[in-house]
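Notes for the one structure printed next.
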Amino acid sequence: MVRSRVLNRRRSTVVGLAALLAGVALTGGPASAAPATRTGELQRTAQGVVDAGAVGYLVRVNDGDRVRTATAGLADRDTGRRLKNKDQYEAGSQTKTFVAVLVLQLVAERKVALDAPIEKYLPGVVPNGADITVRMLLQHTSGLFNYTEDAGLISQALTQPYTPIAVEDILKAAFSHPPNFAPGTDWSYSNTGYIVLGELLTKVTGQPVTQLVDRRITRPLHLRDTYFADPFPGTIGPGYAHGYIADLSVDPPEYVDTAGWTLSWAGSAGAIVSTTRDLSTFYSSLLAGKVLPKAQLAQMQKTKDDIEEFGGFGGYGLGLYWMETPCGRVWGHDGATLGNSSTTFTTADGGRTYATDTTTRLYAADPADPRLETFAFAYSEAQVTAMCGMFGQEVPSAVAKVKASVWPQRISEVGPLGFTSGGW
């Protein structure tokens with residue numbers, strides 16, 4: 001039985017990639033910028049993630065000229081159904097970009113002010129709400145304790161996966177802990193802030209987030225396979241990629257199917273279900289200026305860049321962050337639920353995109369187990385291959401030759417795809 005002990009509680013995707021990139025100098029551009037035939041490498045690295053222990057992995061890359069995809073593994077271990085690139089999956093914290101867009105749309109309509117205190121919209125709901133602004137909640141500078149680090153709530157989500165958790169209970173758990181710092185004085189990833197923002201959206205519009213996502217984002221952009229799960233996914237049959245909790249430290253590895261579990265615990269911090277195609281369209285349209293007015297998009301891209309967790313390779317805006325890769329700068333967000341870990345990024349003009357999903361999260365792994373290191377490298381290689389493929393470039397030789405020595409100290413600290421506050 002997979003143990004409920006978590007591997008870690010810090011950001012995974014960004015920090016893991018930062019650890020990889022720390023082994024090379026990101027100056028002067030990539031070592032090789034020749035256009036690449038990416039499909040073969042995309043498929044090889046996708047299969048590498050599955051061979052390392054994931055149940056499934058899929059990737060979609062648009063380099064501005066053509067779209068390439070690669071898919072490996074299963075969508076459902078019980079039935080043996082193969083994973084398809086068009087399958088829906090839980091997108092986790094990519095939900096934050098959707099929620100930030102909704103808030104900024106209300107800002108454009110002058111129904112919400114970015115620098116107004118949350119107390120103005122939700123009186124008496126948030127402790128010290130008079131000093132916490134909407135912007136702080138969007139940018140993770142509120143100081144609010146991250147509810148996904150509350151042991152009781154996590155235990156409930158894992159042991160009662162079919163029982164919805166009310167927003168009131170999430171906030172009660174979050175506010176039972178003291179804040180991490182005074183509002184606006186530091187940065188700390190907080191899912192709590194986005195649960196509060198979901199309440200703000202409902203209070204101001206009179207509509208639940210699920211309807212707002214549909215009416216204001218998915219229908220206008222024709223995102224036919226994207227929705228806000230409330231409180232369960234709509235279907236987990238064909239066309240849906242099951243997520244899995246995995247323990248690779250035992251032999252044979254253990255997997256627990258999380259498909260159909262409630263996403264109520266994630267709510268407006270992480271309950272979007274989507275596909276690589278839809279998410280690519282969403283982020284591409286956003287950065288191309290088709291979703292928000294110019295002024296609000298500029299606010300969204302005002303980033304805090306002195307964030308330790310980004311390792312000097314990125315900065316966080318309002319539900320959106322930038323990251324420096326070996327082949328160029330990208331914008332987007334990562335996300336994870338109990339059984340999935342995903343990323344979607346685009347170029348600054350929205351012209352190129354890459355999206356991935358790993359249908360497996362590692363839990364209860366021994367940080368010293370070599371299988372964990374193997375998984376970390378397979379995942380990172382697949383990510384870098386996709387991000388460079390987006391730019392039509394080969395993976396720089398300096399990155400391809402990064403040795404295992406980059407990882408040991410990072411694995412014990414953050415893991416490659418552990419149970420993290422950032423991924424939720």
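The values are calculated or read from the model by the stated rules, or taken from the named source; none is laboratory data. This is a predicted model, so every value here is computed, not measured. Glycine also receives a Cβ, built like all others from the backbone with ideal geometry; neighbour counts cover every protein chain displayed. SASA here: full protein model, heavy atoms, side chains in, ligands and nucleic acids out. Shrake-Rupley method; radii C 1.70, N 1.55, O 1.52, S 1.80 Å.
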Ala130 meets each of (1) among the hydrophobic types (A, V, I, L, M, F, W, C); (2) open to solvent by 40 Å² or more (accessible area, probe 1.4 Å); (3) not in a helix (DSSP H, G or I) with one exception, condition (3)
Requiring at least 2 residues that are closer than 12 Å to Thr276 by Cα and under 17 Å from the mean Cα position of the chain (by Cα), the strands (runs of 3 or more DSSP E) wholly within the range 329-376 are 341-346, 353-358
Those helices (runs of 4 or more DSSP H) completely within the range 183-272 that have 2 or more residues that are within 27 Å of Phe145 (Cα to Cα) and of a type outside the set (Val, Ile, Thr) are 191-205, 267-270
Checked Gly339, Gly351, Gly332, Gly267 against criteria (surrounded by 24 or more Cβ atoms within 10 Å (Cβ to Cβ), small (Gly, Ala, Ser) and farther than 30 Å from Met136 by Cβ); the one match is Gly339
Q: For the range 103-123, state whether one or more residues are within 23 Å of Arg224 (Cα to Cα) and surrounded by 24 or more Cβ atoms within 10 Å (Cβ to Cβ).
A: yes
With the first residue restricted to the range 44-66 and required to be more than 15 Å from Cys388 (Cβ to Cβ), and the second required to be open to solvent by 40 Å² or more (accessible area, probe 1.4 Å) and part of a strand (DSSP E or B), Cβ contacts under 8 Å at 6 or more apart or on different chains are Val55/Leu74; Val55/Tyr255; Gly56/Leu74; Leu58/Thr69
Taking the range 358-400 and the residues there that are within 23 Å of Thr39 (Cβ to Cβ) and among the charged types (D, E, K, R), the one that is modelled with the lowest pLDDT would be Glu394
Taking first residues from the range 247-260 that are over 16 Å from Ser341 (Cβ atoms) and second residues anywhere that are of a type in the set (Val, Ile, Thr) and open to solvent by 50 Å² or more (accessible area, probe 1.4 Å), the pairs with Cβ under 6 Å that are 6 or more apart or on different chains are Gly260/Ile236
Exactly one of Leu212, Leu248 is in contact with a Phe, Trp or Tyr (Cβ under 9 Å, 6 or more places away or on another chain), modelled with pLDDT under 95 and either open to solvent by less than 50 Å² (accessible area, probe 1.4 Å) or more than 28 Å from Gly73 (Cβ to Cβ) (or both), and that one is Leu248
